[in-house]
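Shown next, in structure tokens, is the structure this report addresses.
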Amino acid sequence: MDLTYHLALSLKEQICVIIGLGEVGQRKLTGLLATDVAYVHLFDPQLQASILPKDPRIRIYRRSYTIEDLRPALLVFACTNDTQENLRIATLCRKLHVLCNCTSTPTAGNVFIPATIRQDDLTLTIATGGASPALTRKWHEELSLWMQKRRAMLKFMGRLRPLLLALGKSSQENRALFRTLVHGPLEELLSAKNWQEALSYLKSTLPQALHKDLEVLLHDLP
């Protein structure tokens, strides 16, 4: 049974550290650079700068790390090819109360990185507690397709929400209308790019005051 506590971590104005930049470390770097992390410090005596993306947030250290290198970090990735060294990094991080993802022995660290799928503002994560990485990869592919079909609905609801709330209706009225929209045919119509039927449905569902905004709301949806 997975008793971990799942959360989303903001890396804004934070330092992350990657120790060891092999194939796994490069994947971790790509994931970090997709966020608003302030800096990523890379430690690897054999580091080849040619494999790194051009990003001003990267700090390169072609040497072994020290305990002082770990102190300012919010999150450390132990990605060396030496299992014992990764365990040592994880132990040091626990003593420093620093979050650590130990890639060779996940249970030695205190952070597990789930498979993540991002499309616009929609983010899904998949974790199987290490039971089956193969299943994780399969479901990652399936959920990516599932998300693709729902991008238009998400973007539309994001555009609509502030306009609807600005009408000053009660929370109960707004809640009922949002539920009507998400449980009705709109998602399927937008996924099929059936704009005319979607427009007709929205005119029959939304308050008259919003009808003038409908074409703008539907414009350029994915």
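The values are calculated or read from the model by the stated rules, or taken from the named source; none is laboratory data. These numbers were taken from a predicted model, which means no experiment stands behind them. Cβ coordinates were reconstructed from backbone atoms using ideal geometry, including for glycine residues, and neighbour counts include every protein chain displayed.
Identify, please: which residue in segment 42-92 is of a type in the set (Val, Ile, Thr) and free of Cβ contacts under 8 Å to residues at least 40 places away in the same chain and is, among those, farthest from Leu11 (Cα to Cα)? Out of the qualifying residues, it is Thr83. Counting only residues that are among the small types (Gly, Ala, Ser), surrounded by fewer than 18 Cβ atoms within 10 Å (Cβ to Cβ) and under 25 Å from the mean Cα position of the chain (by Cα), segment 149-185 holds 1 of them. Taking strands (runs of 3 or more DSSP E) as the structural unit, those lying wholly within segment 22-87 and holding at least 2 residues that are buried (at least 17 other Cβ atoms within 10 Å of the Cβ), modelled with pLDDT of 95 or more and hydrophobic (A, V, I, L, M, F, W, C) correspond to 39-43, 75-78. Considered as a group, the residues in segment 186-215 that are within 15 Å of Met157 (Cα to Cα) and under 28 Å from the mean Cα position of the chain (by Cα) include one that is surrounded by the fewest Cβ atoms within 10 Å (Cβ to Cβ), and that residue is Glu188.
Restricting attention to segment 1-21, report how many residues are charged (D, E, K, R) and assigned to a loop (DSSP other than H, G, I, E, B).
Of the residues in segment 1-21, the ones charged (D, E, K, R) are 2, 12-13.
Applying the additional criterion that residues be assigned to a loop (DSSP other than H, G, I, E, B) yields 2, 13.
Count: 2.
Against the definition (assigned by TED's automatic domain parsing to the domain that holds Leu96 and surrounded by 16 or more Cβ atoms within 10 Å (Cβ to Cβ)), how does Ala108 come out, yes or no? Walk me through how you get there before you give the answer.
Working: assigned by TED's automatic domain parsing to the domain that holds Leu96: yes; surrounded by 16 or more Cβ atoms within 10 Å (Cβ to Cβ): yes.
When the stated conditions are applied, Ala108 passes them.
Go through Leu124, Leu75, Leu135, Leu87 for me and flag whichever is under 26 Å from Met147 (Cβ atoms) and assigned by TED's automatic domain parsing to the domain that holds Tyr39. Outline the logic, then answer.
Values: Leu124 fails: assigned by TED's automatic domain parsing to the domain that holds Tyr39; Leu135 fails: assigned by TED's automatic domain parsing to the domain that holds Tyr39; Leu87 fails: under 26 Å from Met147 (Cβ atoms).
So the residue among Leu124, Leu75, Leu135, Leu87 that is under 26 Å from Met147 (Cβ atoms) and assigned by TED's automatic domain parsing to the domain that holds Tyr39 is Leu75.
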